[in-house]
Amino acid sequence: MSMQKPVRTSSYIYRLEPEGPMRVPGFIFADDELLADMEADVFRQVANVATLPGIVHGALAMPDAHLGYGFPIGGVGAFDPHQGGVVSAGGVGFDIACGVRTLVTGIHKDRVLAERKALADLMYQNIPAGLGTRKGLKISSSEMDRMLAQGGRWAVGKGYGTSSDLEKTEEGGTAYGADPGAVSDKARKRLDRELGTLGSGNHYLEIQAIQEIFDDNAAQAFGLRKDDVVISIHCGSRGLGHQVATEFIRLMVQESSRQNIRLPDRDLACAPIFSDTGQQYLGAMRAAINCALANRQILAHLARETFETVFPGARVSLLYDVCHNTCREEDHETGGRKAGLFVHRKGATRAFGPGHPDLPSVYRQVGQPVLIGGSMGTSSYIMAGTSEGMHLSFGSACHGAGRVMSRKQAVKKYPGRQVIDHLQKMNIEVRSHSFKGLSEEAPEAYKDVSRVVEVSHNSSLARKVARLKPMICIKG
Amino acid sequence: MNNSAYWKHLDHRADIGIQGVGPGLDQAVAQAGLALMAVMCDLELIRRIESRYIDLQGHDPELLFFDFLNELIFLVSAEGFVYSGLEVNIHNGRLQATVLGEPLDNSRHRPAVEVKGASFNGLQVRQDKNGQYIVSCIVDV
């Protein structure tokens with residue numbers, strides 16, 4: 001495939017014409033600056049996704065897109081099972097159902113500022129994080145089966161949180177169609193004492209102040225008041241999800257060649273949705289989604305208890321929980337008809353518009369809360385899904401900032417101690433299990449999240465509701 | 001021919017690349033395994049007081065290397081075992097490895113980021129013009 005340059009077709013959309021084996025065009029949501037920041041290989045990856053069987057409308061890249069495996073991070077692709085559509089393990093990614101959950105506390109930032117060191121220490125103590133912590137739950141094999149089948153619902157049943165949390169979680173806290181039997185022993189073993197842990201890398205727990213409100217109506221529906229404090233948790237399905245991804249990417253490489261699917265890149269390995277491998281993967285992936293939902297439900301419960309210890313009487317309630325590495329079966333209008341599609345979002349957030357039947361009734365008028373995580377020390381955003389986004393991107397938006405600097409470079413450039421000092425000057429308390437981990441996650445290693453959000457807003461993928469500023473950051 | 005064996009990390013914007021180089025495939029693969037561990041921990045902090053064994057079959061050298069990396073990731077992730085020594089023997093499509101290390105101790109090893117899995121991105125097993133083996137892979141962190 002020749003390497004074409006995307007051509008601007010409207011203010012914030014750039015198009016790759018379908019050529020060669022591409023079945024549909026590519027659409028990149030960006031402005032000139034973000035587009036210039038994207039590596040040329042991102043365009044190649046978008047074009048590659050467009051070659052996969054059964055893809056409809058186009059291969060999409062969100063404004064935070066960067067180089068991934070097979071699909072770019074920030075990649076969205078929808079597949080019609082009745083047109084030979086495929087599911088790709090690489091198109092979901094390694095950390096299945098990695099996502100963000102935000103809790104509203106109703107406490108003013110000045111009260112938190114006064115207690116911030118004590119709160120940071122207690123959160124650090126109570127939220128297990130870092131590589132190989134083994135401080136999570138030990139659960140029996142039958143209990144594991146129930147957890148993998150029920151997700152957040154299982155965690156609430158075990159006393160972690162309340163049923164009202166489930167209403168504010170995508171799919172009511174349970175990914176249906178999960179098949180715990182499709183999750184291997186090895187994947188289960190990688191969750192040993194890891195359930196209810198944060199992990200490492202870019203995962204975090206942050207206490208954030210609501211610094212700016214852009215949309216009063218939506219903010220009111222979401223329970224957001226300027227200068228109040230929220231808690232955000234970013235993590236995924238832990239080792240279990242990583243192992244499911246690893247095993248199925250390998251299996252799909254063999255399956256693709258058996259099905260004579262021509263792959264421009266082995267990481268795009270896939271299987272027809274209506275095939276044994278495809279169905280097994282969907283069952284295992286949904287079980288891993290449940291694992292991530294249970295994990296975030298447990299962590300949210302621990303964070304809520306901790307917060308309420310420091311601020312007795314605070315009522316910490318869930319705003320919403322979004323996943324940003326999934327493949328989900330959803331109804332969408334395409335080519336003038338409604339079809340059940342399998343929408344891959346890899347480093348992209350579901351962003352359903354107003355009126356969508358899957359939204360909890362309190363949010364149905366304003367659209368789904370879309371939670372955008374920033375890098376350490378920079379802003380995070382809360383956005384809302386739009387009706388336009390339903391047509392532009394199958395109801396999808398960006399998920400975060402996206403890296404611009406490699407981990408290796410970041411370690412050389414920003415020593416961990418320096419990162420802590422820098423953040424402390426900005427009144428941000430950091431607690432981390434690893435200096436090296438902090439260097440790798442230095443804020444400067446990421447794109448400017450505000451720009452990514454601005455383009456998402458201007459292109460109507462989602463609209464801005466509030467901007468959050470970190471006060472405390474707990475890192476793995 | 002150069003007989004030195006070594007490993008290095010390769011730049012990748014979101015993740016990290018690992019590379020092993022050696023006079024034979026065995027040494028190159030062993031070096032890449034050390035590069036993998038070095039993403040997570042400083043190798044000098046890891047004592048070699050226990051061993052684990054890996055035994056794999058496969059005729060595609062790249063897939064065999066890919067599977068080997070994922071076995072090492074599993075050792076760290078599921079068994080909490082970290083290592084600083086590797087002996088690898090590849091013969092007739094069979095890879096046998098002795099992994100030398102110890103149980104992970106967070107306070108002493110100060111691990112940084114965990115590796116989630118090996119990818120097919122940048123997966124390569126090749127020989128340069130001097131006959132040196134070079135194996136590499138981008139791993140997801």
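Among B:84, B:119, B:107, which one moves the most in a GNM of chain B with springs linking Cα atoms closer than 10 Å?
Maximum fluctuation in the GNM of chain B, among the listed residues, is at B:107.
Could you work out Rg/(2.2 N^0.38 Å) for region A:157-286, with Rg from alpha carbons only?
Numbers: Rg = 19.6 Å, N = 130, 2.2 N^0.38 = 14.0 Å.
Cα Rg divided by the expected 2.2 N^0.38 Å: 1.40.
Of all DSSP beta bridges in the protein assembly as shown, what percent run antiparallel (nearest 5)? Don't jump to the answer; show the numbers that get you there.
Numbers: 108 of 116 bridges.
That works out to approximately 95 percent antiparallel.
Over the whole of A:239-250, what's the average partner chain Cβ count within 10 Å per residue? Rounded to a whole number, please.
Details: counts 8, 2, 2, 9, 7, 1, 4, 11, 2, 0, 6, 7.
Averaged over the peptide's residues, the number is 5.
On a 0 to 90 degree scale, rounded to 10, what angle separates helix B:61-79 from the longest Cα axis of chain B?
10
Scan region A:263-353 for chymotrypsin sites (Phe, Trp or Tyr not before Pro) in coil per DSSP, keeping those whose Cβ has at most 16 other Cβ atoms within 10 Å, and list them by number.
Values: sites: A:274, A:281, A:307, A:320, A:342, A:352; in loops: A:274, A:352.
Within region A:263-353, the qualifying chymotrypsin sites (Phe, Trp or Tyr not before Pro) (loop, at most 16 other Cβ atoms within 10 Å) are A:274.
So which of A:447/B:116; A:117/A:475; A:226/A:413 end up more than 26 Å apart, counting from Cα to Cα?
From A:447/B:116; A:117/A:475; A:226/A:413, over 26 Å: A:226/A:413.
Let me test this: with uniform point scatterers at the alpha carbons of region A:259-399, what is the Debye-based log₁₀ I(q)/I(0) at q = 0.12, 0.19 1/Å?
Once normalised to I(0) and log-transformed, intensities are -0.65, -1.32.
For q = 0.13, 0.18, 0.26 Å⁻¹, what log10 I(q)/I(0) does region A:21-77 give under the Debye formula with an equal point scatterer on each alpha carbon and no solvent?
-0.26, -0.49, -0.97
What is the pair-distance distribution P(r) of region B:73-141, computed from all Cα-Cα distances in 10 Å bins starting at 0, with each bin given as a whole percent?
16, 37, 36, 11, 1
Inside 10 Å of the C-beta atoms of A:432-440, what's the mean count of C-beta atoms belonging to other chains? Mind showing how you got there, number by number?
On the way: counts 1, 5, 7, 2, 8, 5, 1, 1, 5.
Whole-number average of other-chain Cβ neighbours for A:432-440 is 4.
Given the peptides A:198-204, A:185-191, A:310-316, arrange them by the average over their residues of other C-beta atoms within 10 Å, most packed first. Show your work: numbers first, answer last.
On the way: A:198-204: 26.7, A:185-191: 20.6, A:310-316: 13.7.
Descending packing order for the listed peptides: A:198-204, A:185-191, A:310-316.
If a/c stays under 1.5 just call it rounded; otherwise compare a/b with b/c (prolate if a/b is bigger, oblate if not). Do that for region A:50-121, with a ≥ b ≥ c from the square roots of the Cα gyration tensor eigenvalues.
Values: a/c = 3.53, a/b = 3.22, b/c = 1.10.
Note, shape of region A:50-121 comes out prolate.
If you wrap a convex hull around the C-alpha atoms of the protein assembly as shown and split its volume per residue, what is the figure in Å³? Spell out each step's value before the answer.
Values: hull volume 86.9 nm³, N = 617.
Per-residue hull volume (Cα only) is 141 Å³.
Hey, got the average number of other protein chain Cβ atoms within 10 angstrom for residues in B:71-81? Don't skip to the answer; put the middle values down first.
Numbers: counts 1, 0, 5, 8, 0, 4, 13, 13, 4, 6, 1.
Counting other chains' Cβ atoms within 10 Å and averaging over B:71-81 gives 5.
Helix B:25-40 versus the longest principal axis of chain B: what is the Cα-based angle in degrees, 0 to 90, to the nearest 10?
30
For region B:6-140, just the Cα set please: Rg and Dmax, both in angstrom.
Rg then Dmax for region B:6-140, in Å: 13.8, 44.
Taking the beta-carbon count within 10 Å as an exposure proxy, list A:104, A:92 from fewest neighbours to most.
On the way: A:104 20, A:92 31.
Lowest to highest Cβ neighbour count: A:104, A:92.
Bear in mind that the values in this text are calculations on the coordinates, not laboratory data. The model shown is predicted, which means the values in this text are computed figures rather than measured ones. Cβ sites come from the backbone with ideal geometry, for glycine too, and all protein chains shown count toward neighbours.
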